[in-house]
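Q: Structure in structure tokens, see below.
The values are calculated or read from the model by the stated rules, or taken from the named source; none is laboratory data. Computed from a predicted model, the values in this text were never measured in an experiment. Note: ideal-geometry Cβ built from the backbone for every residue, glycine included; neighbour counts use all protein chains shown.
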Amino acid sequence: MEAVMNRTWQPCAALIVAGGSGRRMGLSTRKQFLSLCGRPILQRTLTAFDRHSAVAEIVLVLPKEEIAARGEEIRQMWGLTKPLRLVAGGAERQDSVRAGLAAITAGQEWVLVHDGVRPLVTSALIERVLESARITGAAIPAVPVRETIKSTVDGWVGETLRRERLVVVQTPQAFRIELLRTAYDRAFDTAEPATDDAALVERLGEPVAVVCGDERNIKITTLIDLKIARIWLQEEETHANRAGL
């Protein structure tokens, strides 16, 4: 397990979005509550932010029925120490994030928005994103695209895109809270969808910095992703045990 640095940070809120259904996995249990090496995926995600000195509070967005079914377990049994607020999500991710932003304590200036099913996020990645956002107002992590990407039209190749200019975007994404709230208010007024939070900030004409992401910071959406995450965690545990000998 990566050690958490004792660095002094201006406090921020962590907004964890965990409203997925897990339909792509074909399971009855929502993917965020599946076991990953003995602990729920979502518990691992929350712990990463709970342990970081920059995080003053956590807002967790869940489906309403999961708050009723698991809220007490999360509060009492998951070992979290930071103030935790549970918020019911909406029909779409944008609705959920907007609800989460409204629940953040007044006075917070910065927010980290993170997918609940990215449990391998490290403190180093959190710090890279925060450092950049404090300079620019908004920052996202990304990793290079390694394969050739083509656009298609009706089953035919439209064009081959320049791989060196493409990246795969991850979370956490860090923002000045008022900037992100403005972006979400504008999106709500215009009913324009977006695949991530930064896209809404971009539509305001505001710059978004890109920092180096982490190849292991995968989003668990399929059973293959879950198997990969288990392998990586088992490798980390093996290395930690050897180091402790």
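Q: Name the pairs: first residue in region 122-142 and of a type outside the set (A, V, I, L, M, F, W, C), second residue at pLDDT below 95, Cβ to Cβ under 7 Å, at least 6 apart or on different chains?
A: T122/E2; S123/E2; S123/V4; S123/M5
Q: Within region 165-179, which residues are part of a loop (DSSP other than H, G, I, E, B) and within 23 Å of A54 (Cα to Cα)?
A: Selection gives Q170, T171, P172.
Q: Same structure again: Residue check: is E178 under 20 Å from V17 (Cβ atoms), over 18 Å from the mean Cα position of the chain (by Cα) and not polar (S, T, N, Q)?
A: Yes.
Q: Which condition from (1) surrounded by 12 or more Cβ atoms within 10 Å (Cβ to Cβ); (2) more than 22 Å from R30 (Cα to Cα); (3) of a type in the set (D, E) is the one that D189 breaks?
A: (1)
Q: Among the strands (runs of 3 or more DSSP E) lying completely within region 85-154, list those that include at least 1 residues that are in contact with an Asp or Glu (Cβ under 6 Å, 6 or more places away or on another chain) and crowded, with 17+ Cβ neighbours inside 10 Å.
A: Of the strands (runs of 3 or more DSSP E) lying wholly inside region 85-154, those with at least 1 residues that are in contact with an Asp or Glu (Cβ under 6 Å, 6 or more places away or on another chain) and crowded, with 17+ Cβ neighbours inside 10 Å span 110-115.
Q: Taking A199 as the residue in question, decide whether it is surrounded by fewer than 19 Cβ atoms within 10 Å (Cβ to Cβ), more than 20 Å from A13 (Cβ to Cβ) and either modelled with pLDDT of 95 or more or not aromatic (F, W, Y) (or both).
A: yes
Q: Restricting to region 202-240, name every residue that is modelled with pLDDT of 95 or more, acidic (D, E) and either within 30 Å of T190 (Cβ to Cβ) or surrounded by 14 or more Cβ atoms within 10 Å (Cβ to Cβ) (or both).
A: E202, E206, D214, D225
Q: With respect to T182, is the statement that it is under 20 Å from Q108 (Cα atoms), in a loop (DSSP other than H, G, I, E, B), of a type outside the set (F, W, Y) and modelled with pLDDT of 95 or more true?
A: The answer is no for T182.
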